[in-house]
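K.L.:
After the structure tokens below, expect a handful of questions from me.
The values are calculated or read from the model by the stated rules, or taken from the named source; none is laboratory data. Small disclaimer: the values here were computed from a predicted structure and weren't measured. Here the Cβ positions follow ideal geometry from the backbone for every residue, glycine too, while neighbour counts run over all protein chains shown. These accessible areas exclude ligands, DNA and RNA; they are computed on the full protein's heavy atoms, side chains included. Shrake-Rupley method; radii C 1.70, N 1.55, O 1.52, S 1.80 Å.
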Amino acid sequence: MLKMRLLRLLLVLGVALFCLQCQPNSNGGASNKTTTPPANGPVPKYGYQIVNIWPHDSNAFTQGLILMDGKLLESTGQEGFSSLRRVDLESGRVLKKVDVPVPYFAEGLTALNGKLYQLTWQHNIGFIYDAQTFERQGQFTYDGEGWGLATDGQSLILSDGTNRIRFIDPNGFRVTRTITVTDGSQPVRELNELEYVKGEIYANVWHDNRIATIDPQSGHVKSWIDLTGLMPAGELKDEEAVLNGIAYDEAKDMLIVTGKLWPRVFEIKVKR
Ligand SMILES: [Ca+2]
């Protein structure tokens, strides 16, 4: 009899405990401590593994970098030294180059539907080229500064040195939406060269050895890729020779990075 009472008591306690676990939490959902990620937790930090190292023109002040048909396309900055280039990836040889005239300081670069779009830093003007011949086909304007440029296949994605990223319709150059980039609650400013990689925006941050990977809808930083040590600081003579330049070949799943005035480009894999 005592055994039966004890069994009943245990059963009642068990049911009560089960019901407590089923109570909706303050968000109205079922509480489950084992699968709910912590709110506002730190974003993951990843490292890198070098796959290949190739030469890069150490006079190229890299401001835009993409991969197209196995070649690097590069936009270089500084007034009087700005250019658009096609570069052989493995030898670093410049295969084709057009100069961007004074007073323009060339910045971000992307390719969309057979055209290249190149920003300028403070002249509120971008240049449009034929992606094969580099023949200039037109220009467009935007408010504020031009830093990095990328595309998701639909929009031009533009950074301007703040923590804003604008999505621009390439037909008419209207801003269709803007995201603000945050790491937790902190704004991430000075977003520089960009690349769209597997549904995320990868962004260099000026004078930072880390790449931010950004959710293109929310602007939240999803992870940091720390590239510290990739290019030994002792080999770089200019304090502006910072990490800047991300290119991605989707078909080959190849990720290339470099920096301004860096003598090398690196193919890397992200170590998660
Ligand atoms: Ca890029």
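K.L.:
Consider the stretch 251-272. How many of its residues are in contact with a Lys or Arg (Cβ under 8 Å, 6 or more places away or on another chain) and open to solvent by 40 Å² or more (accessible area, probe 1.4 Å)?
P.N.:
Looking only at that region, the number is 0.
K.L.:
Got a sec? Which strands (runs of 3 or more DSSP E) wholly within the stretch 67-125 have at least 1 residues that are under 19 Å from residue 150 (Cβ atoms) and open to solvent by 10 Å² or more (accessible area, probe 1.4 Å)?
P.N.:
71-76, 83-87, 106-112, 115-120
K.L.:
Yes or no: residue 201 touching a Gly at 6+ places or on another chain (Cβ under 8 Å) and assigned to a strand (DSSP E or B)?
P.N.:
Answer is no for this residue.
K.L.:
Here's something else I'd like to know. Taking the condition free of Cβ contacts under 8 Å to residues at least 60 places away in the same chain and within 20 Å of residue 77 (Cβ to Cβ), does residue 237 pass?
P.N.:
Criteria met by residue 237.
Residue-by-condition table, conditions (1) out of contact with any strand residue (DSSP E or B) (no Cβ under 6 Å at 6 or more places or on another chain); (2) over 24 Å from residue 104 (Cα atoms):
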position: 129; (1), (2): no, no
position: 143; (1), (2): yes, no
position: 154; (1), (2): yes, yes
position: 158; (1), (2): no, no
position: 179; (1), (2): no, yes
position: 185; (1), (2): yes, yes
position: 198; (1), (2): yes, yes
position: 208; (1), (2): yes, yes
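K.L.:
If you don't mind, there's one more thing I want to ask. Would it be correct to say that residue 133 is more than 16 Å from the ligand (Cβ to nearest atom), under 22 Å from residue 248 (Cα atoms) and not in a strand (DSSP E or B)?
P.N.:
Yes, satisfied.
K.L.:
Another question about this same structure. Of everything in the stretch 218-241 that's buried (at least 18 other Cβ atoms within 10 Å of the Cβ) and touching a Lys or Arg at 6+ places or on another chain (Cβ under 6 Å), which residue is nearest to residue 60 (Cα to Cα)?
P.N.:
Per the criteria, the residue is 241.
K.L.:
Considering (1) buried (at least 17 other Cβ atoms within 10 Å of the Cβ); (2) within 16 Å of the ligand (Cβ to nearest atom); (3) under 18 Å from residue 43 (Cβ atoms), say which one residue 198 fails and leave the rest.
P.N.:
(1)
K.L.:
For the list (1) away from the ligand (no atom under 16 Å from the Cβ); (2) within 11 Å of the chain's Cα centre (by Cα); (3) open to solvent by 50 Å² or more (accessible area, probe 1.4 Å), I need the number of the one condition that residue 215 fails.
P.N.:
(3)
K.L.:
Anything in the stretch 201-212 that is open to solvent by less than 20 Å² (accessible area, probe 1.4 Å) and more than 16 Å from the ligand (Cβ to nearest atom)? List them, or say none.
P.N.:
Matches in the stretch 201-212: none.
K.L.:
Quick check on the stretch 150-157. Is at least one of its residues of a type in the set (A, V, I, L, M, F, W, C) and part of a loop (DSSP other than H, G, I, E, B)?
P.N.:
No: the stretch 150-157 contains no residue that is of a type in the set (A, V, I, L, M, F, W, C) and part of a loop (DSSP other than H, G, I, E, B).
K.L.:
Just checking: which of the strands (runs of 3 or more DSSP E) contained wholly in the stretch 226-272 hold 3 or more residues that are under 15 Å from the mean Cα position of the chain (by Cα) and within 13 Å of the ligand (Cβ to nearest atom)?
P.N.:
243-249, 254-259
K.L.:
Of the residues 172, 184, 144, 148, only one is within 16 Å of the ligand (Cβ to nearest atom) and not aromatic (Phe, Trp, Tyr); which?
P.N.:
148
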